[in-house]
Amino acid sequence: MISFEFFRKELSKWFNENRENHFFRQDRTAYKTWISEVALQQTRIQAALTPLKRFLDAFPDVYSLAQSDEESVVHAFRGLGYYNRARNLRKGAKFIVENHSGKMPATYQELLKIPSIGPYTASAIASICFQEKVGVIDGNVKRIYARLHAVNQKITSHIFNKNLETFMSSFINSNLPPGDLNEALMEFGQKVCVAKSPECSKCPFNRECKGCLEGKPEEYPVRDQAIEKVKVEWHVLIYKNGNKIAVEKYKDFRFLKSHWGFPSFLNFPGSAMESSAGVKNKIDSAETIGGLSHTITHHKIKFVIYSYTSGVKDEGYEWVLIDDMEKKLAASCLSKVWNIYKKQLDLPGGGLEPPRD
């Protein structure tokens, strides 16, 4: 088994030489760390940097976030996906203002009481900002641990996670800054011990790593069999009246609940769903102008986009000026749909690729 002293020493050396000087690491505060850690979960870091900076510019402190309305928070979060995180950040900010006078709690256990903060985020804030010796566990950490020890238990099993917690408790228990150790481990997983084609030749632990010595590091960690994604056709109606476009706030729709979007019709295997009454009838008489593919956690979506112009303004929708549409759409998949429509009409900005979810 690899020596913790050796592991910390070599990892710290690697981090000092390879550490990224991301903007959220500069002039660090607990608030900035909280927002960054939540935003960077389930999102590739390079894709997340621009929308994350935009969000922090819009809400630079806990008071501005707590006093905001939900729609503006979700819109500022565009490009980061999984928008319930944005709503929960706002709830968390209100909780901190109401219960802690706007000051972030300094311990892991107190941080866990805040909406939007789970074990991962609480560990990150407590260790990075308050030097509490608590290990951060994310996908990178799980992968490194599993490869180092060639762990055969499934990554979702109780024994895997219990043993990982024990490993991290020993790893973090040293005189070195716990936040630096946690960040070093996660960044090492992002750059060297990556999921596919790990850089074993550049790894300072390749003589101790059992996965590497076996010649099959990519087989770790052991995962559950992947669930096949459900294929869905999402028919989107761009309904135009003069210089305005029809939008609606999705309520009982299958996707993007509480988001503003275009009238839509979904075709699932064996079932269908309309976002609002009468959409299917309009789509049947509309012109098809394009499509795109989009994948989310459990669904593989094929968008089919329709253009429909009418002199009648349906009262069931809200009507938004064409020039204001970007301000209304938060989800990147709908921004892509809108860009295809703009390109078809030769409008400014048509065809530009927005940030991915």
For the chain, what does the relative contact order come out to in percent, with C-alpha contacts under 8 Å and a separation of six or more? 15 percent
Taking Rh as the Kirkwood radius computed over C-alpha pairs, what is the Stokes-Einstein D of the range 12-153 at 10 °C in a medium of viscosity 1.306 mPa s, expressed in µm² per second? 99 µm²/s
Of every hundred units of 1.4 Å-probe accessible area on the range 251-304, the number belonging to carbon and sulfur atoms, as a percent, is 49 percent
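Using the structure shown, list the pairs from LYS113/LYS216; LYS53/LYS113; LYS32/LYS342; LYS191/LYS257 with a Cα-Cα distance above 29 Å, or answer none.
Numbers: LYS113/LYS216 41 Å; LYS53/LYS113 26 Å; LYS32/LYS342 36 Å; LYS191/LYS257 35 Å.
Violating the 29 Å limit, Cα to Cα: LYS113/LYS216; LYS32/LYS342; LYS191/LYS257.
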So, by mean Cβ neighbours within 10 angstrom, what's the order for 29-36, 306-313, 46-53 with the highest one leading? 29-36, 46-53, 306-313
Rounded to the nearest 500, what is the 222 nm mean residue ellipticity of the chain from helices alone, with -39500 (n - 2.57) per DSSP H run of 4+ residues and division by all residues? -12500 deg cm²/dmol
Which ³J(HN,Hα) values in Hz, rounded to whole numbers, follow from the phi angles of the range 230-246 under the Karplus curve 6.51 cos²θ - 1.76 cosθ + 1.60, where θ = phi - 60° and Gly and Pro get x? 6, 8, 10, 9, 10, 8, 10, 9, 8, 9, 10, 9, x, 9, 10, 10, 7
Reachable aspartates and glutamates, given that their alpha-carbon falls under 18 Å from the alpha-carbon of LYS142 and they are not under 8 places away in the same chain: GLU37, GLU165, ASP180, GLU183, GLU187, GLU199, GLU208, GLU218, GLU219, ASP224
Report ³J(HN,Hα) in whole Hz for each residue of the range 180-193, in order, from the Karplus equation J = 6.51 cos²θ - 1.76 cosθ + 1.60 where θ = phi - 60°; Gly and Pro get x. 5, 4, 5, 5, 4, 5, 5, 5, 4, x, 6, 10, 10, 8
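Quick one, can you get me the convex hull of the C-alpha atoms of the chain expressed as volume per residue in Å³? Present the calculation step by step, with values, prior to reporting the outcome.
Working: hull volume 57.6 nm³, N = 357.
Given the Cα convex hull of the chain, per-residue volume reads 161 Å³.
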Largest-first principal axis extents of the Cα set of the range 106-182 (Å): 37, 30, 16
Which aspartates and glutamates have a Cα lying under 18 Å from the Cα of LYS302, excluding residues fewer than 8 positions away in the same chain? GLU228, GLU233, GLU274, ASP284, GLU287, GLU353, ASP357
By average C-beta atoms within 10 angstrom, highest first, the peptides 18-26, 274-282: 274-282, 18-26
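The values are calculated or read from the model by the stated rules, or taken from the named source; none is laboratory data. Everything numeric here is computed off the predicted structure, so don't read it as measured data. Counting neighbours? That spans all protein chains shown, and the Cβs are built from the backbone with ideal geometry, glycine included. SASA here: full protein model, heavy atoms, side chains in, ligands and nucleic acids out. Shrake-Rupley method; radii C 1.70, N 1.55, O 1.52, S 1.80 Å.
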